[in-house]
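The next block holds one structure in the form of structure tokens; read it before the comments.
The values are calculated or read from the model by the stated rules, or taken from the named source; none is laboratory data. What you see is a predicted model, and the numbers here were worked out from it, not measured in a lab. Methodologically, a virtual Cβ is constructed for each residue, glycine included, from the backbone with ideal geometry; neighbour enumeration extends over all protein chains shown.
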There are 2 protein chains.
Amino acid sequence: MKQTPEERLRLVTRNTAEIITREELNQLLKTKERPVIYLGVSITGRPHVGYFVWATKVADFLKAGFKVKILLADVHGAMDNCPWEVLEKRFEYYNIVIKGMLKSAGADLTQLEIIKGSSFQLEKNYVLDLLKFSTQTTVHDALKAASEVVKMGDNPKVSGLIYPMLQALDEQYLDVDIQFGGTDQRKIMVFARENLPILGYRPRIELMLPLIPGLTQTGKMSSSEPNSKIDLLETTTDIKTKLNKAYCPEKQIEGNGVMALCQFVIMPKKEDEKKTLIIKRPEKFGGDASYSTYAELEKAFVSGALHPMDLKTAVASEIDQLVAPIRKDFEGKEKLIQQAYPTK
Amino acid sequence: MKQTPEERLRLVTRNTAEIITREELNQLLKTKERPVIYLGVSITGRPHVGYFVWATKVADFLKAGFKVKILLADVHGAMDNCPWEVLEKRFEYYNIVIKGMLKSAGADLTQLEIIKGSSFQLEKNYVLDLLKFSTQTTVHDALKAASEVVKMGDNPKVSGLIYPMLQALDEQYLDVDIQFGGTDQRKIMVFARENLPILGYRPRIELMLPLIPGLTQTGKMSSSEPNSKIDLLETTTDIKTKLNKAYCPEKQIEGNGVMALCQFVIMPKKEDEKKTLIIKRPEKFGGDASYSTYAELEKAFVSGALHPMDLKTAVASEIDQLVAPIRKDFEGKEKLIQQAYPTK
């Protein structure tokens, strides 16, 4: 790689919420030419625009010379009684979507590997380690580790206790240096760090991304809330409509999903490509504006110089450009879409 | 088989504590020539004379024309961090011991199968079923099911919750009609019956044997209490010594481990072989006595006509005859014994 160590560190750490530990990361970047990082993705709901947050980070890691492994967790889907044939189709669907997202985010996919959970999570050594793991893990600790990731309710299932052990073993069996995920993964990541050494394996670096707000006022962008998210196969018209309706209060950053998309998806790419976000406006509203960094954009928005309506129009156009190639990849694949996500 | 259905039912049900359900067992005996029954044995501690209680029942099942599968649970041992090489040796040790016990109990071993847990419990389909199972099992129910079998303490481990699911799946994967074990297995057996149908499998018949008292006054015969048990490789002299010291209060059956050995091990065989238990006594104490059924023996003991000291002498001799062939099988196998149960 021709990047300086500083540039590499900047790419890896930008827009992250927490790194455990930063010292270990610095050391890794100094000593390993091509570190390996992984993200586990449960292949359940249909991927939406919010997935571009991690896809943008994957692009960062690839740009920084990392090998990136994306684990598509089909075994987890099977555990929730999703039939294998549907999981196979979802795996195919995700495979296309992820590559499309990463290309849109400006990544070179040579060092990307997409791995199916069932390709190693049902192997003997893995299972034996899982069973051994269960003898060193108290119900209390497993419940705590899973609490923000697995829906537990008042009467938790044993699967919820197995989940954090699987995720810890994945770090070892995928042979990675770093795991990354949202800040909701913090407890499960700390659990992995604490427990792998007891099994005789080294603890991994854990890198967390912030969770971004959805487009409605209800919290994070979620597959299960149709109005909070934009599907990756949404039409240009629907993208415009959803952004028009989006929660984007004037001068306010907190809870603003539109500004979050700018911060974590749109502007990092603009910055890398040395392009600007152009806001088209009639002369009477101040004429066209352009921003080359998120900092500039945020300053303008908070000051009121940039109005939500104008921002929404620009973001709709940017999102549309990001998903257009993915829509194109799925042309003629209506059957796959229907098999992966059957409509009743 | 030349037995009448009544004789078959008598052999299968004698000396059992509970059968869930007896109707299903009757139906099975009517419809299946060679039913399959299994017992799971954790290959941890060294087998002792108490194991003759289930060995005698295994002999009953074999005499009744059953196929008997004995599961030697090495995976469970590995879960408790017992190294594989030791487990392999323990498997070898148990293999010799079990066959010896069954021969001493008068069984024909043609229809006996000894199965290693790791030969199927780490296979993909089994593991996938285990993971699915975990999504339908609450922590609460698994804790309850395991409570009398797994040592839990105040801070239970996740392994204790996995344990009852493994045991339920074993019924399916060993393809048996009946599971049998001690009454301490009741909750775990009921758990299996309740849960296999949710996974799409049929519930099995559960047959329970009473737990017998140890030779000391502390409760059941246990591997972890050296004085409560007689090892299967114990010398004639040591057997005599331990029986002499055994808790065997005059006229009392409750908590009397010596009488329990008569009831569940010695007398069933005598009855089947139409032999009698002979008590050698000087003329001044009433001369020799002999009993052809446990009922007769118990009557004499409770009435005081049979004194504990005379009973102990006779039982010591009977036990010595039962284990003598096993001791012989291990002649020249000191290395195996040391490898299976290393002395520090």
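Take A:Ile198 and tell me if it is within 12 Å of chain B (Cβ to nearest Cβ) and either buried (at least 22 other Cβ atoms within 10 Å of the Cβ) or touching a residue at least 24 places away in the same chain (Cβ under 8 Å) (or both).
On the way: within 12 Å of chain B (Cβ to nearest Cβ): yes; either buried (at least 22 other Cβ atoms within 10 Å of the Cβ) or touching a residue at least 24 places away in the same chain (Cβ under 8 Å) (or both): yes.
Judged against the criteria, A:Ile198 is a match.
Given the options A:Ile20, A:Ile43, name the one that is modelled with pLDDT of 95 or more, within 27 Å of A:Tyr163 (Cα to Cα) and in the same structural domain as A:Asn95 (by TED's automatic domain parsing).
A:Ile20
Restricting attention to segment B:1-30, which residues are surrounded by 13 or more Cβ atoms within 10 Å (Cβ to Cβ) and among the β-branched types (Val, Ile, Thr)? I'd like the intermediate steps shown before the answer.
Residues of segment B:1-30 that are surrounded by 13 or more Cβ atoms within 10 Å (Cβ to Cβ), as a first pass: B:3, B:7-16, B:18-22, B:24-26, B:28-29.
Selection gives B:Val12, B:Thr13, B:Thr16, B:Ile19, B:Ile20, B:Thr21.
So, B:Lys335, is that one farther than 17 Å from B:Phe52 by Cβ and either exposed (fewer than 14 other Cβ atoms within 10 Å of the Cβ) or at pLDDT 95 or above (or both) or not? Can you show your working first?
Numbers: farther than 17 Å from B:Phe52 by Cβ: yes; either exposed (fewer than 14 other Cβ atoms within 10 Å of the Cβ) or at pLDDT 95 or above (or both): yes.
It is true that B:Lys335 is farther than 17 Å from B:Phe52 by Cβ and either exposed (fewer than 14 other Cβ atoms within 10 Å of the Cβ) or at pLDDT 95 or above (or both).
Restricting segment A:95-141 to residues that are outside any helix (DSSP H, G or I), surrounded by 19 or more Cβ atoms within 10 Å (Cβ to Cβ) and away from chain B (no Cβ under 14 Å), which is modelled with the highest pLDDT?
First, pick out the residues of segment A:95-141 that are outside any helix (DSSP H, G or I): A:105-108, A:112-116, A:120-123, A:137-138.
With the extra rule that they be surrounded by 19 or more Cβ atoms within 10 Å (Cβ to Cβ), the set shrinks to A:105, A:107, A:112, A:121-122, A:137.
Going one step further and asking which of them are away from chain B (no Cβ under 14 Å), we end up with A:105, A:107, A:112.
Values: A:Ala105: 91, A:Ala107: 90, A:Leu112: 95.
Ranking the qualifying residues of segment A:95-141, first place goes to A:Leu112.
Please find, among A:Glu148, A:Glu92, the residue that is closer than 30 Å to A:Phe330 by Cβ and more than 9 Å from every other protein chain (Cβ to nearest Cβ).
Numbers: A:Glu148 fails: closer than 30 Å to A:Phe330 by Cβ.
Answer to the check: A:Glu92.
Considering only segment A:90-139, state which residues are small (Gly, Ala, Ser) and without any contact (Cβ under 8 Å) to a residue 40 or more places away in the chain. Steps first, answer last, please.
Restricting attention to segment A:90-139, the residues satisfying the condition of being small (Gly, Ala, Ser) are A:100, A:104-107, A:117-119, A:134.
Matches in segment A:90-139: A:Ser119, A:Ser134.
I'm trying to understand the selection: among the residues of segment A:62-89, which are more than 14 Å from every other protein chain (Cβ to nearest Cβ), in a helix (DSSP H, G or I) and buried (at least 19 other Cβ atoms within 10 Å of the Cβ)? It would help to see each step written out before you state the result.
Taking segment A:62-89 first, the residues more than 14 Å from every other protein chain (Cβ to nearest Cβ) are A:62-72, A:85-86, A:88-89.
Checking the rest, the ones that are also in a helix (DSSP H, G or I) come to A:62-63, A:85-86, A:88-89.
Scanning segment A:62-89 gives A:Leu62, A:Lys63, A:Lys89.
Applying the selection to segment A:305-344, what residues are among the small types (Gly, Ala, Ser) and in a loop (DSSP other than H, G, I, E, B)? Steps first, answer last, please.
Step one: of segment A:305-344, the residues among the small types (Gly, Ala, Ser) are A:305, A:314, A:316-317, A:324, A:332, A:340.
A:Ala305, A:Gly332, listed by residue number.
Spot the failing condition for A:Pro203; the list is (1) over 29 Å from A:Arg10 (Cα atoms); (2) outside any helix (DSSP H, G or I); (3) not hydroxyl-bearing (Ser, Thr, Tyr), and only one is missed.
The single condition A:Pro203 does not satisfy is (1).
In this structure, is A:Leu306 among the aliphatic types (A, V, I, L, M), under 24 Å from the mean Cα position of the chain (by Cα) and within 30 Å of A:Leu11 (Cβ to Cβ)? Show your work before the answer.
Numbers: among the aliphatic types (A, V, I, L, M): yes; under 24 Å from the mean Cα position of the chain (by Cα): no; within 30 Å of A:Leu11 (Cβ to Cβ): yes.
No, not satisfied.
Against the definition (of a type in the set (Ser, Thr, Tyr) and under 19 Å from the mean Cα position of the chain (by Cα)), how does B:Thr183 come out, yes or no? Show your work before the answer.
Numbers: of a type in the set (Ser, Thr, Tyr): yes; under 19 Å from the mean Cα position of the chain (by Cα): yes.
For B:Thr183, the condition - of a type in the set (Ser, Thr, Tyr) and under 19 Å from the mean Cα position of the chain (by Cα) - is met.
Looking at segment A:248-299, which of its residues are of a type in the set (S, T, N, Q) and either in contact with a strand residue (DSSP E or B) (Cβ under 9 Å, 6 or more places away or on another chain) or surrounded by 17 or more Cβ atoms within 10 Å (Cβ to Cβ) (or both)?
So in segment A:248-299, the residues of a type in the set (S, T, N, Q) come out as A:252, A:256, A:263, A:276, A:290, A:292-293.
Scanning segment A:248-299 gives A:Asn256, A:Gln263, A:Thr276, A:Ser290, A:Ser292.
Is it true that B:Glu148 is out of contact with any helix residue (DSSP H, G or I) (no Cβ under 8 Å at 6 or more places or on another chain), farther than 21 Å from A:Leu166 by Cβ and surrounded by fewer than 21 Cβ atoms within 10 Å (Cβ to Cβ)?
On the way: out of contact with any helix residue (DSSP H, G or I) (no Cβ under 8 Å at 6 or more places or on another chain): no; farther than 21 Å from A:Leu166 by Cβ: yes; surrounded by fewer than 21 Cβ atoms within 10 Å (Cβ to Cβ): yes.
Answer is no for this residue.
Just wondering, is there one or more residues in segment A:30-53 that are over 21 Å from A:Asp231 (Cβ atoms) and assigned to a helix (DSSP H, G or I)?
Our first condition is that a residue be over 21 Å from A:Asp231 (Cβ atoms); within segment A:30-53, this holds for A:30-38, A:40.
Now restrict to residues that are assigned to a helix (DSSP H, G or I): A:30-31.
Checking segment A:30-53: at least one residue is over 21 Å from A:Asp231 (Cβ atoms) and assigned to a helix (DSSP H, G or I).
Does segment B:151-185 hold any residues that are without any contact (Cβ under 8 Å) to a residue 40 or more places away in the chain, more than 9 Å from every other protein chain (Cβ to nearest Cβ) and under 28 Å from A:Asp74 (Cβ atoms), and which are they?
Hits for segment B:151-185 are B:Pro164, B:Ala168.
When residues of segment A:301-323 are filtered for being without any contact (Cβ under 8 Å) to a residue 60 or more places away in the chain, closer than 24 Å to A:Phe52 by Cα and small (Gly, Ala, Ser), how many remain?
2
Select, from B:Lys57, B:Lys124, B:Lys30, B:Lys99, the only residue that is of a type in the set (Lys, Arg), in contact with a Pro (Cβ under 8 Å, 6 or more places away or on another chain) and either at positive phi or not assigned by TED's automatic domain parsing to the domain that holds B:Ala260 (or both). Steps first, please.
On the way: B:Lys57 fails: in contact with a Pro (Cβ under 8 Å, 6 or more places away or on another chain); B:Lys124 fails: in contact with a Pro (Cβ under 8 Å, 6 or more places away or on another chain); B:Lys99 fails: in contact with a Pro (Cβ under 8 Å, 6 or more places away or on another chain).
Testing whether each residue is of a type in the set (Lys, Arg), in contact with a Pro (Cβ under 8 Å, 6 or more places away or on another chain) and either at positive phi or not assigned by TED's automatic domain parsing to the domain that holds B:Ala260 (or both) leaves just B:Lys30.
Answer yes or no as to whether A:Arg204 is surrounded by 18 or more Cβ atoms within 10 Å (Cβ to Cβ), among the basic types (Lys, Arg), within 21 Å of A:His76 (Cβ to Cβ) and in contact with a helix residue (DSSP H, G or I) (Cβ under 6 Å, 6 or more places away or on another chain).
Numbers: surrounded by 18 or more Cβ atoms within 10 Å (Cβ to Cβ): yes; among the basic types (Lys, Arg): yes; within 21 Å of A:His76 (Cβ to Cβ): yes; in contact with a helix residue (DSSP H, G or I) (Cβ under 6 Å, 6 or more places away or on another chain): yes.
For A:Arg204, the condition - surrounded by 18 or more Cβ atoms within 10 Å (Cβ to Cβ), among the basic types (Lys, Arg), within 21 Å of A:His76 (Cβ to Cβ) and in contact with a helix residue (DSSP H, G or I) (Cβ under 6 Å, 6 or more places away or on another chain) - is met.
Please pick out the residue among B:Ala59, B:Ala73, B:Ala55 that is over 24 Å from B:Leu169 (Cα atoms) and touching a residue at least 40 places away in the same chain (Cβ under 8 Å). If you could, list the steps in order and put the result at the bottom.
Numbers: B:Ala73 fails: over 24 Å from B:Leu169 (Cα atoms); B:Ala55 fails: over 24 Å from B:Leu169 (Cα atoms).
None of the others qualify; the one that does is B:Ala59.
Please give the number of the condition A:Glu33 fails out of (1) touching a Lys or Arg at 6+ places or on another chain (Cβ under 6 Å); (2) surrounded by fewer than 18 Cβ atoms within 10 Å (Cβ to Cβ); (3) of a type in the set (Asp, Glu).
Unmet for A:Glu33, out of (1) touching a Lys or Arg at 6+ places or on another chain (Cβ under 6 Å); (2) surrounded by fewer than 18 Cβ atoms within 10 Å (Cβ to Cβ); (3) of a type in the set (Asp, Glu): (1).
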